[in-house]
Every structure is written in structure tokens, then in C-alpha cells.
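Taking it in order: structure first as C-alpha cells, then the write-up.
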Amino acid sequence: MTGQVRTVDGRVAGRRGQATRQKLLDCLSEMLSSSPYRDVKVIDVARRAGTSPATFYQYFPDVEGAVLELAEEMAAESGGLTDLVAGRSWAGRGGWQTAQELVDGFLEFWRKHDAILRVVDLGAAEGDKRFYKIRMKVLNAVNTSLADSVAELQAKGRIDKDVNPGAVAGSLVAMLAAVASHRQGFSSWGVKQAEIKPNLALLVHLGVTGRKPTR
């Protein structure tokens, strides 16, 4: 962890305090992977981290505050998703490669942060503006660049002028997020995990370019 880290009462945490704070966050993240968010208690996080509830409260006001910290860290990392689209070619075989790498990168990000993303989605669905803002930050990392790509193709006359770049990008990003959060459920429909990525990439390519990919 870099930079100044402060306790709840405003004191600057030293190296040992920063390590303790990070351990609490790491343990909370692990617990969210196996327990419902609202079942996680401060005493359980503290015990798992080998410390006390009093120490937990030095760094976080409650479990929700610590969860928001994890969510903010995840959202900051989502900036890397922009590179999967920004400045990438959608022409010829390059377009198919872009679609594949976007799907690969997006699904991998969701897999890595699945536990905290489930909590963020829950909070956003319940109307919590803090979680909604974080969710939109993650999705906008792809949505903005994808809309720019569609608009660029439209300006070159390769996409119908009546197409709304923002609507196309938003629909594709919503689809990616829905698939990413429901990947395990595809097996109940007889869909193998290995079949998800290429078919999702096909839909993304069709959505952006309006054409079948050149493979």
C-alpha cells in the first residue's frame, strides 16, 4: 500500500498499521467469496485477521465501510479495461481480435473481482448511490471507449447514420456484465464454458461493426 493511510479518527497509520489494515481488507475479501455480504460480521473479520474488533474499528467504521474501500480499489483497477477498446482497430481480422480480447479481458476482470462485484451490484440495485457510482465507473471504463469506436466507424460511413453509438455501447456493456455474472448458469442451458467466449465475441463484433468478423 502506498501513500498516507489514516485511521477513523484521522491519525496517519504507520507501516505496521497499514499492514494490519490491508490484512483486514484481504480477509474480508476472502470471506465475501464464501459468505453472503450481510452475514459477515466485524468480529469474524477481525478473528480471521488475527486481531480484535477494536483494531478493525480503528480503520473502518463498519463492515460496509470496509466493503466500500475494497470496491473503490476494484474500480480504480477497472481503468485497465479501457485499453481493451481505446485506439483498437475494428477492421478486418484486427476487429475480430479486438472483440476477442475485449471479451477475454472483461470476463477475467469479473472473475477476479466476482465477490466484491456481487456486493456492488446488490447495493446498486437497492438504490445505494455509493455502490451505483462505483458500478458505473467500472462499466464506463469500457462503455465510453466502445461508444467512441462506434462513432468513429459511423463517421467513416461504415455504420448506418441512424445508429446511436451510446445506445449500442451501453447495450453491449450491459450484455458483457450480465454474461460475466451468470457464467456458471450457462451449464444449466447445456452451454459449455469454452463456448461462451467465442460466441460472446461474435455478438460484440456484430454489435460494433454490423458485420460478421473476418477470421
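Numbers for the structure displayed
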{"read-out": "Top-ranked residue in the stretch 187-215 [being farther than 22 Å from Thr144 by Cα and of a type in the set (S, T, N, Q); ranked as modelled with the highest pLDDT]", "value": "Asn199"}
{"read-out": "Filter result for the condition that a residue is part of a helix (DSSP H, G or I), of a type outside the set (A, V, I, L, M) and more than 18 Å from the chain's Cα centre (by Cα), over Thr82, Thr98", "value": "Thr98"}
{"read-out": "Odd one out for Tyr59, checked against (1) under 18 Å from the mean Cα position of the chain (by Cα); (2) farther than 30 Å from Lys212 by Cα", "value": "(1)"}
{"read-out": "The stretch 96-115, subset closer than 12 Å to Ser181 by Cβ and among the aliphatic types (A, V, I, L, M), residue surrounded by the fewest Cβ atoms within 10 Å (Cβ to Cβ)", "value": "Leu107"}
{"read-out": "Criterion: farther than 29 Å from Pro36 by Cα, surrounded by fewer than 20 Cβ atoms within 10 Å (Cβ to Cβ) and basic (Lys, Arg) - qualifying residue of Arg183, Arg118, Arg93, Arg130", "value": "Arg93"}
{"read-out": "Test: residue in the stretch 134-155 that is under 21 Å from the mean Cα position of the chain (by Cα), closer than 30 Å to Glu30 by Cβ and either exposed (fewer than 13 other Cβ atoms within 10 Å of the Cβ) or not assigned by TED's automatic domain parsing to the domain that holds Asp104 (or both)", "value": "no"}
{"read-out": "Enumeration of residues in the stretch 156-180 that are part of a loop (DSSP other than H, G, I, E, B) and either surrounded by 13 or more Cβ atoms within 10 Å (Cβ to Cβ) or of a type in the set (D, E, K, R) (or both)", "value": "Lys156, Arg158, Ile159, Asp160, Lys161, Asp162, Val163, Asn164"}
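The values are calculated or read from the model by the stated rules, or taken from the named source; none is laboratory data. It should be emphasised that the depicted structure is a prediction, and the values quoted were computed from it without experimental measurement. Cβ coordinates were reconstructed from backbone atoms using ideal geometry, including for glycine residues, and neighbour counts include every protein chain displayed.
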